[in-house]
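One structure below.
The values are calculated or read from the model by the stated rules, or taken from the named source; none is laboratory data. Here the structure is a predicted model, which is why all the values come from computation and not from measurement. Virtual Cβ from ideal backbone geometry, glycine too; neighbours counted across all protein chains shown.
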Protein chains: 2
Amino acid sequence: MTTLYEPIAADMEKVCRIFDDELFSDLPVVNDLCAHVATYRGKMLRPALLLLSGRACGGLTEEHLTLAAVVEMVHMATLVHDDVLDDADIRRRQRTVNRLEGNEAAILLGDYLISHAFHLCSSLDSQFASRTIGATTNTVCEGELQQIHHRGDEGLTIDQYLAIITGKTAALTGTCCLLGAHYAGADSDTVAASERYGLDVGIAFQITDDVLDIVGSEQHMGKTLGRDLDKHKLTLPVIHALAHSDAPARRELGKVLKNGVFDRDKVRRLLEPTDSVNYTLQIAGEYIASATASLSSLPPTDARDTLIRMALMIIDRDK
Amino acid sequence: MTTLYEPIAADMEKVCRIFDDELFSDLPVVNDLCAHVATYRGKMLRPALLLLSGRACGGLTEEHLTLAAVVEMVHMATLVHDDVLDDADIRRRQRTVNRLEGNEAAILLGDYLISHAFHLCSSLDSQFASRTIGATTNTVCEGELQQIHHRGDEGLTIDQYLAIITGKTAALTGTCCLLGAHYAGADSDTVAASERYGLDVGIAFQITDDVLDIVGSEQHMGKTLGRDLDKHKLTLPVIHALAHSDAPARRELGKVLKNGVFDRDKVRRLLEPTDSVNYTLQIAGEYIASATASLSSLPPTDARDTLIRMALMIIDRDK
């Protein structure tokens, strides 16, 4: 996907510099932790969405670069805390902060990242971004809290699942596109269409991620997989299978959910009769179609085409 | 201490309403968690410092009330995450969120509180408070990260200890007084004097807290004590004792630090020959004297007198 970023490569480098400058500390212990977080930097999907939305809606300003660093910092904070919540070992082929330095350092590092994200955001002249980012992180936390509340809940509906992933993942990608359009001076319809694109991309991204947690390759993904069921989290393939399986398969799935025993082969076999993985990928495809449709009102530009191609690549991620 | 707040009682009620309104969610699971956090609301020291500093420096505005809720929210976030870090059972005679709902809910609830603190802060017209609060929470996180980095470090100096507690505790109390003075329209000297008062009060508060962790009564304090040594944290009484004890007592203290075995009676006995508790309380007293001296340049008002009396009560807290 990163080859898609070539038109914004120079801007992305500036974003990385703003990111590093903001996190720099006089304390070596803090810099060491931040250096480890820098190795998590992968696709930089969120800064790319923000910058490309800005370009597609009129062009980039200094604010875009700052905000691209802010959204990446927010995202990194959620990764670091998520790895504590998920008790994960590996992230981007590196040992996680929690595994390397302990849960306490990981909790505090996440706090440090979120604090700096808001601090950096407050450097802008207007409060608009601070308010938008604040409202977004409120929603992200609500999504995560809902998720742990519904752990092991076999009655979780698709709507509830979608509300959870919209909160924990899509709210931030939607905000990236909203901010990109807003700071490019777009009118309110265009800002709303951009946010809708970002929301749909985020939902499709999370659905695909949840599928990969079951069928993906740890080697290709570079992170611990199978954590969802191990942590009693219901995702769309499992919700679909629970609704359409025969009684014995449903009982087996219920046991996996209850005990949190991590056996991905077994789960894959249980999902086969209902074709739940394909069903789920089809739903993700519908969100991608909706995302690209939202961009149809924008003028045809290279940036818009890149956003469309990015959306299409989301469901073809490395398995 | 709360009888001291009578002159600001009506304002404090407004602050509580702003606090509750900001945290209100459409999700019952989130409100339940926030309701539990409301039971932690004790002295509300930080809102009181902010409001009284505002009164002492010219009078209160709507911004003061909002910011008083913001600083309390920041403080609550640190309490909730600290209880996870310290593996604490009891806070204000209630079971902690981590003990009641698990570490995951506690981590996310802390994130929810800090997110809402920044969101509420961004409702103000100017960025001044957002920038100041952001810089302060950066410092708080650095203080906490330094603290866990130096766990079990018998070579920790008094200066390093003071840098840690200035970051993790005093930075926020200093900011409370700074914001109180700033939004009352005080000149820069008065703002600086107010911040100095708040910093010194915070340092004295934390030193006293660290003493109470060793000699205080859990029943009176309403929280788990003895966690510092159990978590290999060096505090001033222990630093002093390590420097002045004979070799056998030093070895014993080293063992307690290394093993993290929680035996407060034993620690108290080890601190007796060097009179380290009294030494530490004397240092706290010096910070209190410095705090009250900082207020001497302010005009004599009831609010200023209350700030002075609050400072004096810090070292006479319930044991």
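Only residues that are over 14 Å from residue A:205 (Cβ atoms) and either in contact (Cβ under 8 Å) with a residue 24 or more places away in the chain or away from every other protein chain (no Cβ under 13 Å) (or both): list them for the stretch A:157-166, please.
Selection gives A:157, A:158, A:159, A:161.
Restricting to the stretch A:119-134, and then to whatever is closer than 13 Å to residue B:117 by Cα and in contact (Cβ under 8 Å) with a residue 24 or more places away in the chain, can you tell me which residue is surrounded by the most Cβ atoms within 10 Å (Cβ to Cβ)?
The residue in question is A:133.
Kindly provide the set of residues from the stretch A:107-118 that are within 8 Å of chain B (Cβ to nearest Cβ) and in contact (Cβ under 8 Å) with a residue 60 or more places away in the chain, ordered by number.
A:109, A:112, A:116
Can you say whether residue A:63 is within 21 Å of residue A:175 (Cβ to Cβ), touching a Lys or Arg at 6+ places or on another chain (Cβ under 7 Å) and charged (D, E, K, R), as far as the supplied structure shows?
No; evaluated as a whole, the condition is false for this residue.
Regarding the stretch A:51-62, can at least one residue be identified that is within 14 Å of chain B (Cβ to nearest Cβ) and of a type outside the set (Phe, Trp, Tyr)?
So far as the stretch A:51-62 goes, no, none of its residues is within 14 Å of chain B (Cβ to nearest Cβ) and of a type outside the set (Phe, Trp, Tyr).
Only one of these is in a loop (DSSP other than H, G, I, E, B), β-branched (Val, Ile, Thr) and under 24 Å from the mean Cα position of the chain (by Cα): B:292, B:280, B:224, B:274. Name it. Don't jump to the end; show me each part of the working.
Values: B:292 fails: in a loop (DSSP other than H, G, I, E, B); B:280 fails: in a loop (DSSP other than H, G, I, E, B); B:274 fails: under 24 Å from the mean Cα position of the chain (by Cα).
Just a single option satisfies the conditions, and that option is B:224.
Out of B:247, B:311, which single residue is loosely packed, with under 14 Cβ neighbours inside 10 Å and of a type in the set (A, V, I, L, M, F, W, C)?
Being loosely packed, with under 14 Cβ neighbours inside 10 Å and of a type in the set (A, V, I, L, M, F, W, C) holds for just one of B:247, B:311, which is B:247.
Do we find that residue A:148 is in a helix (DSSP H, G or I), touching an Asp or Glu at 6+ places or on another chain (Cβ under 8 Å) and among the aliphatic types (A, V, I, L, M) in this structure?
Details: in a helix (DSSP H, G or I): yes; touching an Asp or Glu at 6+ places or on another chain (Cβ under 8 Å): yes; among the aliphatic types (A, V, I, L, M): yes.
Criteria met by residue A:148.
What residue, among those in the stretch B:157-181 that are aliphatic (A, V, I, L, M) and in contact with a Ser or Thr (Cβ under 8 Å, 6 or more places away or on another chain), is surrounded by the most Cβ atoms within 10 Å (Cβ to Cβ)?
The residue in question is B:179.
What is the residue count in the stretch A:89-106 for residues that are out of contact with any His (no Cβ under 9 Å at 6 or more places or on another chain), free of Cβ contacts under 8 Å to residues at least 60 places away in the same chain and among the aliphatic types (A, V, I, L, M)?
0
When you scan the stretch B:174-221, how many residues do you find that are among the hydroxyl-bearing types (Ser, Thr, Tyr), more than 28 Å from residue B:61 (Cβ to Cβ) and in a helix (DSSP H, G or I)? Break it down stepwise before answering.
From the stretch B:174-221, those among the hydroxyl-bearing types (Ser, Thr, Tyr) are B:175, B:183, B:188, B:190, B:194, B:197, B:208, B:217; that's our starting set.
Then keep just the ones that are more than 28 Å from residue B:61 (Cβ to Cβ); that gives B:208, B:217.
Among the residues that remain, those that are also in a helix (DSSP H, G or I) are: B:208.
Within the stretch B:174-221, residues that are among the hydroxyl-bearing types (Ser, Thr, Tyr), more than 28 Å from residue B:61 (Cβ to Cβ) and in a helix (DSSP H, G or I) number 1.
Can you go through A:154, A:142, A:104 and tell me which one is within 9 Å of chain B (Cβ to nearest Cβ), surrounded by fewer than 24 Cβ atoms within 10 Å (Cβ to Cβ) and farther than 30 Å from residue B:126 by Cβ?
Values: A:154 fails: within 9 Å of chain B (Cβ to nearest Cβ); A:142 fails: farther than 30 Å from residue B:126 by Cβ.
When all the criteria are applied, what remains is A:104.
Exactly one of these conditions fails for residue B:171: (1) part of a helix (DSSP H, G or I); (2) more than 9 Å from chain A (Cβ to nearest Cβ); (3) over 30 Å from residue B:272 (Cα atoms); (4) in contact (Cβ under 8 Å) with a residue 60 or more places away in the chain. Give me its number.
Status for residue B:171: all satisfied but (4).
Could you figure out which of (1) touching a Phe, Trp or Tyr at 6+ places or on another chain (Cβ under 9 Å); (2) of a type outside the set (Val, Ile, Thr); (3) over 18 Å from residue A:114 (Cα atoms); (4) touching a residue at least 60 places away in the same chain (Cβ under 8 Å) isn't true of residue A:184?
Result: residue A:184 passes all but (1).
I'm trying to understand the selection: among the residues of the stretch B:257-278, which are without any contact (Cβ under 8 Å) to a residue 60 or more places away in the chain and either surrounded by 18 or more Cβ atoms within 10 Å (Cβ to Cβ) or closer than 17 Å to residue B:170 by Cβ (or both)?
B:267, B:270, B:271, B:274, B:276
Restricting attention to the stretch B:67-110, which residues are modelled with pLDDT under 85 and polar (S, T, N, Q)?
Result: B:94, B:96, B:98.
Can you find even one residue in the stretch B:182-191 that is surrounded by fewer than 16 Cβ atoms within 10 Å (Cβ to Cβ), of a type in the set (Gly, Ala, Ser) and closer than 25 Å to residue B:293 by Cα?
yes
Can you tell me how many residues within the stretch A:300-319 are touching a residue at least 24 places away in the same chain (Cβ under 8 Å) and either in a loop (DSSP other than H, G, I, E, B) or acidic (Asp, Glu) (or both)?
6
Looking for something more than 19 Å from the chain's Cα centre (by Cα), modelled with pLDDT under 95, more than 30 Å from residue B:244 (Cβ to Cβ) and more than 7 Å from chain A (Cβ to nearest Cβ) - is there at least one such residue anywhere in the stretch B:127-134?
Looking for residues that are more than 19 Å from the chain's Cα centre (by Cα), modelled with pLDDT under 95, more than 30 Å from residue B:244 (Cβ to Cβ) and more than 7 Å from chain A (Cβ to nearest Cβ), one finds none in the stretch B:127-134, hence no.
So for the stretch B:88-97 (the condition being facing chain A (nearest Cβ under 8 Å), surrounded by 24 or more Cβ atoms within 10 Å (Cβ to Cβ), on the phi < 0 side of the Ramachandran plot and among the hydroxyl-bearing types (Ser, Thr, Tyr)), does at least one residue qualify?
So far as the stretch B:88-97 goes, no, none of its residues is facing chain A (nearest Cβ under 8 Å), surrounded by 24 or more Cβ atoms within 10 Å (Cβ to Cβ), on the phi < 0 side of the Ramachandran plot and among the hydroxyl-bearing types (Ser, Thr, Tyr).
Name the residues in the stretch B:1-49 that are free of Cβ contacts under 8 Å to residues at least 24 places away in the same chain, under 23 Å from residue B:99 (Cβ atoms) and not in a helix (DSSP H, G or I), would you?
B:25, B:27
When you look at residue B:53, is it surrounded by 14 or more Cβ atoms within 10 Å (Cβ to Cβ) and in a loop (DSSP other than H, G, I, E, B), yes or no?
It is false that residue B:53 is surrounded by 14 or more Cβ atoms within 10 Å (Cβ to Cβ) and in a loop (DSSP other than H, G, I, E, B).
Residue A:153 - would you say it is over 18 Å from residue A:50 (Cβ atoms) and not in a helix (DSSP H, G or I)? Give the steps one after another, and end with the answer.
On the way: over 18 Å from residue A:50 (Cβ atoms): yes; not in a helix (DSSP H, G or I): yes.
So residue A:153 fits the description; yes.
Which count do you get for residues in the stretch A:40-50 that are surrounded by fewer than 24 Cβ atoms within 10 Å (Cβ to Cβ) and of a type in the set (A, V, I, L, M, F, W, C)?
2
Could you check how many residues of the stretch A:200-241 are modelled with pLDDT of 80 or more and of a type in the set (S, T, N, Q)?
Within the stretch A:200-241, residues that are modelled with pLDDT of 80 or more and of a type in the set (S, T, N, Q) number 3.
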